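Trainee: One structure follows; several queries about it will come next.
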Amino acid sequence: MTDITPDLSEELRGKTLWMTFNRPASRNALTFEMYEALAKTCREVPTDGSVTAIVLSGAGGKAFAAGTDMTQFRAFETPQDALDYEARINRVLDAVERCALPTIAAINGACTGGGASIAAACDLRIASAGLKFGFPIAKTLGNCLAAANIARLSDLVGSGRVRELIFTARLMGGEEALSAGLISEILTDEASLLARAAELADHIGGMAPLTLRATKEAMRRNRMATQVDDDDLITMCYMSDDFRMGMEAFLGKTKPEWKGT
């Protein structure tokens, strides 16, 4: 395996492929190139037994991954820009979910926005005690999550908790994430987290691959049965004055003043 982009490194350790979001100066905020590199690997990972599991983690010791790099939103001018963006994110998350191999998110520190969506699309999530998980978009940008993304999160932690997290813009800590079923284990620090991820990947890699693949796909199909059209909601948020103002306020480190327009 070779890195597709320096911001998303890949390393094969034994039969586990480690993928690391590698923009620590920006808390591993995700560029479009990083999203596409992740999707490409998930689609093309070999199924010949040379790789048996994938672990996702973040570099720098402070974050798994923050949301999408906000500077990329400055180019948005038309409703189609917003729809194309959410369609891209949906394709990436779908690729993670459909990955032929089991995926483990080893989450240390902040896991927000697009990073939280990626973690939610993985098969298993384990975290260090410093986990901060959520989607503070009602406080920062004023955009929205696609309906498919909300459905995925609701499957994990329940629709009521998803609504409350988004409405309050708070971040979920480790103990709450464990009790909610978002993560399966809490480790004391990053070192023990990564060691446990390696152990878990080796263990799962020894299971019957077709059983795991069929289980993943059956669960995905169950959720896809409730697909809805959300283009109007995406356009409403991303084309609003609030979104433009919120983006610039966040980048300029000022407080947004929402108008609802």
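Just so it is clear, none of the values below were taken in a lab; they were calculated from the coordinates. Computed from a predicted structure; not experimentally measured. Here the Cβ is made from the backbone with ideal geometry for all residues, glycine too, and neighbour counts use every protein chain on show.
Trainee: What is the gain in length, in nm to one decimal, between Thr261 and Arg244 on full extension, counting 0.36 nm per residue of separation less the C-alpha to C-alpha distance?
Mentor: Full extension from Thr261 to Arg244 adds 5.1 nm.
Trainee: For a footprinting-style exposure proxy, rank Arg152, Arg91 by other Cβ within 10 Å, fewest first.
Mentor: The order, fewest Cβ neighbours first, is Arg91, Arg152.
Trainee: So what are the ³J(HN,Hα) numbers for the range 112-123, from phi and the Karplus equation (6.51, -1.76, 1.60; θ = phi - 60°), rounded to whole Hz, Gly and Pro as x?
Mentor: So the Karplus estimates, Gly and Pro as x, are 10, x, x, x, 5, 5, 5, 4, 5, 7, 6, 6 Hz.
Trainee: Going 7 Å from the Cα of Arg74 in the Cα-to-Cβ direction, what parts of the range 247-261 have a backbone nitrogen less than 11 Å from that spot?
Mentor: Answer for the range 247-261: 248, 251-252.
Trainee: Using a Cα distance threshold of under 23 Å, what count of lysine pairs results for the chain when pairs must be 8 or more residues apart or interchain?
Mentor: Qualifying lysine pairs in the chain: 11.
Trainee: Below 8 Å, C-alpha to C-alpha, sequence gap of six or more: please give me the relative contact order for the range 8-205 in percent.
Mentor: Dividing the mean separation by the residue count of the range 8-205 yields 22 percent.
Trainee: Still on this structure, please answer the following. Relative to the longest principal Cα axis of the chain, at what angle does helix 190-205 sit, 0 to 90 degrees, rounded to 10?
Mentor: Approximately 60 degrees, to the nearest 10.
Trainee: List the Cys residues of the chain that have no partner Cys with a C-beta closer than 4.7 Å.
Mentor: Here Cys111, Cys122 come out as lacking a disulfide-compatible partner, given the Cβ-Cβ threshold of under 4.7 Å.
Trainee: What is the range 156-231 by shape, rounded, prolate or oblate, if you read a ≥ b ≥ c off the alpha carbon gyration tensor as root eigenvalues and call it rounded for a/c under 1.5, prolate for a/b larger than b/c, and oblate otherwise?
Mentor: oblate
Trainee: Note down the nm distance, to one decimal, between modelled labels 7 Å out along Cα→Cβ at Lys15 and at Arg91.
Mentor: Output for this residue pair reads 3.2 nm.
Trainee: What is the order of Thr47, Thr235, fewest Cβ neighbours within 10 Å to most? Could you put the intermediate results ahead of the total?
Mentor: Working: Thr47 12, Thr235 18.
Ranked by crowding around the Cβ, least crowded first: Thr47, Thr235.
Trainee: A further question follows. For the range 1-57, give me the percentage of DSSP beta bridges that are antiparallel, rounded to the nearest 5 percent.
Mentor: 60 percent
Trainee: Roughly speaking, what is the stretch gain from Arg170 to Asp189, that is 0.36 nm per residue apart minus the C-alpha to C-alpha distance, in nm to one decimal?
Mentor: Full extension of this stretch gives 4.6 nm more.
Trainee: Continuing with this model, one more query. Would you list Thr215, Thr41, Thr16 from fewest to most Cβ contacts within 10 Å? Intermediate results must be reported in sequence, preceding the final value.
Mentor: On the way: Thr215 12, Thr41 19, Thr16 22.
Ascending Cβ contact count within 10 Å gives the list Thr215, Thr41, Thr16.
Trainee: If you line up the long axis of helix 159-168 against the longest principal axis of the chain, both from Cα atoms, how many degrees apart are they, to the nearest 10?
Mentor: Helix 159-168 sits roughly 50 degrees off the main axis of the chain.
Trainee: Let me ask something else about it. Give the shape of the chain as rounded, prolate or oblate, defined through the alpha-carbon gyration tensor: a ≥ b ≥ c are the square roots of its eigenvalues, a/c under 1.5 means rounded, and otherwise the shape is prolate if a/b is larger than b/c and oblate if not.
Mentor: Working: a/c = 1.60, a/b = 1.51, b/c = 1.06.
The shape class here is prolate.
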